[in-house]
Every structure is written in C-alpha cells, then in structure tokens.
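Input: a single structure, listed below in structure tokens.
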Amino acid sequence: MRLAVLLLSGGALLAQETTFRTTVPVVIAPATVTDAKGRYIDGLSAGDFTVLDDDKPRRFQLDTSDTLLTPMTVVVAIQANSTAPAAILRIRKIGSMIEPLVTGERGSAAVLAFGHEIKLVQDFTNDADKLTRAFRGIKTQSGRAAVMIDAVAEGVRMFDARPANERRVIFVISESKDRGSKAKLEEVVRKVEANGVAVYPIVFSAYSSPWITKASDLPPSEGGMDLIAAIQELARLGKADASQLLSNYSGGRRVWFGTQRGLEGIVTSLGEELHSQYIFSYTPVECSPGLHKIQVRVKGRPEAVVRARYGYWTDEQACKTSAP
C-alpha cells in the first residue's frame, strides 16, 4: 500500500513515501521562562508545566535546548539601504559571533540583505569563517526602501528545503518600520506561525524619534480573537508595527541597539536565550482547520513569565489526510 507520511512539526509539513498510510501531527513549541526581573528559570521538569491547546490540557514531551539533538537553523536578514550605513558598520563586525553563540556546531545560518530588493549573501552554512566573510561583505543598496516583511517571508521560504525537525529562527536587523514590501503583514504572520519560526527583530533607528506602536495598540497575545482580522485592522489604521507583531506571535523578542557594544551584547543575550529554552512537543487530540492557540504555564510559580509561540495553523487538506 502506498503511504504519504505528513509530519506537522511546528506547522511544517514533510511528506515521504513508505509502505503504509498514516499521519502523525506533532506540535513543537519552544518556550522561554524567566522571573519578573528577566532571569532565566532553569531546572524545571515536565511536572512543573501545563500546556494548553485551545484552552484544553495536552500531554506533552519536554526537552531542553542542551539535551535536544535538533539543530538550530537561523536566517539573519539585514537592512542594507541608504538609511542604514551607520548600522551596517556595526553589523559587519558580529558575523563571527553567530556560529559559536547562536547556532552552535550542529546548527547553520544563512544571511540575507535587503533594501528595495532581497539578496542572498550566504546560503545555509555552519562554517564560521564563511559567516564572518558574509557579514563583512554586506553592501548598501540605493534608495530608502526596506522590504522587511518581504525579507521575513523569504526567510520562511528558505526553510522549506530544510529538514522539518530543525528549530527555525529569523533574526531581522533593521528599522522597526517596513518600507515597500509587497507581501501583506497578516499573510507573513500566518506563514511564520504555520512554519514554527521564531522571529527576533534587532532594531536600530536611523532617526532620533523612531516610529513605534504603543503596546496598547497591539492585539492581545491570547484570548478569543481573530488574529488575522486584528492585524488587518491595525494595518488599515496605520498602527501595525511589523517587527513587534512578528516577534509577539512567533514567541520571539524585539530588542533595540545603538552602539557596537550594545549589538554584541544582544547577540550574546539572544544566543543564551535560545539555548535556555524548554522545548514542548505534543500531538493534538483532534484536527480542525485554522489557528490553534498554545499556552504554556508554570504550576505554582505566579512570578514566572513564559514566552512561547502564539499558536499553530492546520489547513483543511492536512485535516482530511489525518482523518481515520
């Protein structure tokens, strides 16, 4: 009998043929756990957590970044337009930090540069020297366009050719505001969710007063709401801060830098965060098309702050395939 095995790993679908037919959906949800002061809480076990899928408890497997064999795969997308030369001078110096502090020996990274167009500077590699040279070779493009949303979409697309079980991360080093992307923000947020990608915007300002959306203007991170409709409404009102929305709903974190030392400290901090995460995996009880909300809670630790991806998407075809 012919079989198509579909693995939903953080929303990514992997198909291969074997001798029987089955479908195994698995949700992967990395989570960062800190106290109220931002210090990582280590040493927790599966019994310390509750994982909810659409508000229903799920049985799960827990791994940590140190014990998990799954490699880290990172796309670094860098704004390189006419407003970014000062930032690029600093960015060129951090290429040597990516392999030892972020991906590790088993992981890999790719580098994109974007202005009015997206250019592949370095395809996925675990060669630290190649990454160092790629960062040093970044060149500015003419004009003020900065297609940040398109660059994130391209980063997600690049993961399609990668193994489905890798941890997927995008660092976006840019201004906070997109300038000229063709892709719709809500569509890219959905692609990020569907593919289990964590987006970490590393933001600089080319001006003294950067355009920032108030936290109160953003959709809530949980609770009965139509995520895509909310983002579309923010875009219509001119309040959609792409970098903040992408980080909020992917489980990433947005950070700002203004100096060389600050940027180097951020790369060090994000590397520490990624390697301090708890990795939850579970199989949904039932399959229904649409967005499914994930919540991770720490039992008996009200001071614990958990940051994880907002949810995962399943489409109608995947659910039909998984039906008995």
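Quick notes on this one:
- Here Ala183, Ala153, Ala161, Ala198 are screened, and the one residue that is free of Cβ contacts under 8 Å to residues at least 24 places away in the same chain, on the phi < 0 side of the Ramachandran plot and among the hydrophobic types (A, V, I, L, M, F, W, C) is Ala161.
- Test result for Ala235, within 29 Å of Ser108 (Cα to Cα) and modelled with pLDDT under 90: no
- The lone exception for Asp178 - which of (1) touching a helix residue (DSSP H, G or I) at 6+ places or on another chain (Cβ under 6 Å); (2) closer than 27 Å to Ala86 by Cβ; (3) free of Cβ contacts under 8 Å to residues at least 60 places away in the same chain it fails: (3)
Let's see how each residue does on (1) acidic (Asp, Glu); (2) at pLDDT 90 or above; (3) buried (at least 20 other Cβ atoms within 10 Å of the Cβ):
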| position | (1), (2), (3) |
| --- | --- |
| Thr213 | no, no, no |
| Asp226 | yes, no, no |
| Leu246 | no, yes, yes |
| Thr259 | no, yes, no |
| Phe280 | no, yes, yes |
| Glu286 | yes, no, no |
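- Pairing each residue of segment 92-118 that is within 16 Å of Glu273 (Cβ to Cβ) with any residue that is basic (Lys, Arg), provided the two are 6+ apart or on different chains, yields C-beta distances under 9 Å for Gly107/Arg167.
- Check on Ala183, in the same structural domain as Ala80 (by TED's automatic domain parsing) and modelled with pLDDT of 90 or more: yes
- Test: residue in segment 87-101 that is under 19 Å from the mean Cα position of the chain (by Cα) and closer than 30 Å to Gly290 by Cβ: no
- Every pair of residues 6+ apart whose Cβ atoms lie under 6 Å, when the first sits in segment 31-55 and is touching a residue at least 60 places away in the same chain (Cβ under 8 Å) while the second is in a helix (DSSP H, G or I): Thr32/Glu273
- Ala29 vs. criteria in contact with a strand residue (DSSP E or B) (Cβ under 8 Å, 6 or more places away or on another chain), within 30 Å of Thr132 (Cβ to Cβ) and either among the charged types (D, E, K, R) or crowded, with 20+ Cβ neighbours inside 10 Å (or both): no
- Checking each residue in segment 66-77 for being modelled with pLDDT of 95 or more and surrounded by fewer than 24 Cβ atoms within 10 Å (Cβ to Cβ) picks out only Thr73.
- Just one of (1) within 19 Å of the chain's Cα centre (by Cα); (2) small (Gly, Ala, Ser); (3) farther than 20 Å from Tyr200 by Cα fails for Gly137. It is (1).
- Subset of segment 195-211 (residues that are of a type in the set (A, V, I, L, M) and at pLDDT 85 or above): Val197, Ala198, Val199, Ile202, Val203
- The helices (runs of 4 or more DSSP H) found wholly in segment 123-196 and carrying at least 2 residues that are closer than 21 Å to Arg90 by Cα occupy 128-136, 148-158.
The values are calculated or read from the model by the stated rules, or taken from the named source; none is laboratory data. Treat the numbers as computed from the prediction; the structure is a model and nothing was measured. In this analysis, Cβ positions are derived from the backbone assuming ideal geometry, glycine residues included, and neighbour counts consider all displayed protein chains.
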